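One structure is given here, and the rest of the page talks about it.
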Amino acid sequence: MKKKVAIVTGASGQDGAYLIKLLLKKNYKVVAALRRNSNINTSRLTSLGLEHVTSNFSKAEIELTEFTNCANLISKLKPSEFYNLAAQSFVKTSFDQPIYTTHVNSLGVLNCLESIRNFSPKTKFYQASTSEMYGNPINKIMNEKTEFAPISPYAVSKLYSYHMTKLYRQAYNLFCVNGILFNHESPFRGQEFVTQKIITSLVKIKKNKQKFLLLGNLDSYRDWGHAKDYVDAMWLMMQQKKPSDYVISTGKTYTIRDFVNRSSKYLKMNIAWKGSGLNEIGYDTRTNKEIIKINKQFYRPAEVNYLRGDPTKAKKELKWRPKYNLDSLIADMCDAALEKY
């Protein structure tokens, strides 16, 4: 039987690395599609033993904002599945670089869809959508029917690609799906994301390699899962008979403060809080030293205050269940940081 071929964009990122590992276990031929400047940062792939080209694993350069480049790769390989995980995915950066964010996250997706429509219409397409598209809705639990109200350039760009993916499914009868993934973390999470920043900083503070952890809004709620669980859901979406969109989440939500408290507890640090707003501090009760401060530069111009997903559809139709909860996720990230530092 001929092996399935999968292209994974954003292959140097957290999700890309875990997804490629999963696909190889399932006996796919996998092409890691990387931007030229991403080829120098493949540490996640290397740590999973994916640094060398094999009969089942190879790398290819891709620039999503160049239609010809996308079209050439897709027409040449005619993959069974195309997972688009590439994006400018840092929300705060999207306010500083809205044009670049839109080019990559919106027009880049359109280039992929047009390439598939014209040169490989049997290719199944997965688009990495995001819970940030919901903004601050009235409903406190978000599912596939919740109205979107994006409040960042990142979320707006992702909403465009979400609707384009649906349009190509409906208008051209292509197998296109959106995974509306809520926050998902792992030891591979980038340092620019708050969860990794919290854990890395606490570990460094514990080892006397850093004095302070600087944070923004401590009372933002997020639904956090593990990236390993979420790439399982991506693959399951692509195996269905009919394409559809799915919310992937744990169904539970916690504040940034909760994440700090649980992380510090796992690291056997005693943190207490005093003050409020920009003047709030976290201090080590053993030494009475201030180790956490609030800095207004880490507040977004428009803040998403509450995110909690409803994964009922994914559990029912995909038979998907997350294996990690928040505490086991934190343990995995802390153990990796302790080993690293």
query: In region 192-224, which residue that is among the polar types (S, T, N, Q) and part of a loop (DSSP other than H, G, I, E, B) is surrounded by the fewest Cβ atoms within 10 Å (Cβ to Cβ)?
result: ASN208
- prompt: Are there any pairs, at least 6 apart or on different chains, whose C-beta atoms fall under 7 Å, with the first in region 78-104 and closer than 17 Å to ILE116 by Cα and of a type in the set (Gly, Ala, Ser) and the second at pLDDT 90 or above and not in a helix (DSSP H, G or I), and if so, which?
  reply: SER80/LYS4; SER80/VAL5; SER80/ALA6; SER80/THR123; SER80/LYS124; ALA86/THR9; ALA86/GLY10; ALA86/LEU64
- request: Examine region 99-122 for a residue that is farther than 22 Å from ALA11 by Cβ and hydrophobic (A, V, I, L, M, F, W, C), and state whether such a residue exists.
  value: yes
field: Filter result (modelled with pLDDT under 95, surrounded by fewer than 21 Cβ atoms within 10 Å (Cβ to Cβ) and either within 14 Å of TYR246 (Cα to Cα) or of a type in the set (S, T, N, Q) (or both)) within region 151-191
entry: GLN191
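Only one residue in LEU278, LEU318 is of a type outside the set (Gly, Ala, Ser) and at pLDDT 95 or above, so which one is that? Break it down stepwise before answering.
On the way: LEU278 fails: at pLDDT 95 or above.
Answer to the check: LEU318.
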task: Scan (1) more than 19 Å from GLU303 (Cα to Cα); (2) buried (at least 20 other Cβ atoms within 10 Å of the Cβ) for the single condition THR253 breaks and write down its number.
output: (1)
Total residues in region 307-331, condition surrounded by fewer than 17 Cβ atoms within 10 Å (Cβ to Cβ) and not β-branched (Val, Ile, Thr): 10
query: So is VAL231 closer than 22 Å to LYS26 by Cα and surrounded by 22 or more Cβ atoms within 10 Å (Cβ to Cβ) or not?
result: yes
message: For region 236-272, give me the residue count where each residue is aromatic (Phe, Trp, Tyr), under 30 Å from LEU174 (Cα atoms) and assigned to a helix (DSSP H, G or I).
response: 0
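Any idea which residue in region 213-246 is modelled with the lowest pLDDT, counting only those that are basic (Lys, Arg) and under 19 Å from the mean Cα position of the chain (by Cα)? Explain how you work it out, then say what you get.
The initial filter retains those residues of region 213-246 that are basic (Lys, Arg), namely 222, 228, 241-242.
With under 19 Å from the mean Cα position of the chain (by Cα) added as a condition, the list becomes 222, 228.
Details: ARG222: 94, LYS228: 97.
By that ranking, first place goes to ARG222.
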task: Please go through region 299-339 and pick out each residue that is within 17 Å of the chain's Cα centre (by Cα) and among the hydroxyl-bearing types (Ser, Thr, Tyr).
output: TYR324
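Among the residues of region 163-191, write down those that are without any contact (Cβ under 8 Å) to a residue 40 or more places away in the chain and part of a helix (DSSP H, G or I).
Matches in region 163-191: HIS163, LEU167, GLN170, ALA171.
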task: Kindly establish whether LYS293 is among the basic types (Lys, Arg), in contact with a strand residue (DSSP E or B) (Cβ under 6 Å, 6 or more places away or on another chain) and more than 18 Å from HIS184 (Cα to Cα).
output: yes
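The values are calculated or read from the model by the stated rules, or taken from the named source; none is laboratory data. Computed from a prediction, not measured in an experiment: that's the story for all the values here. Because the Cβ atoms are built from the backbone with ideal geometry, glycine has one as well, and the counts that use them run over all protein chains shown.
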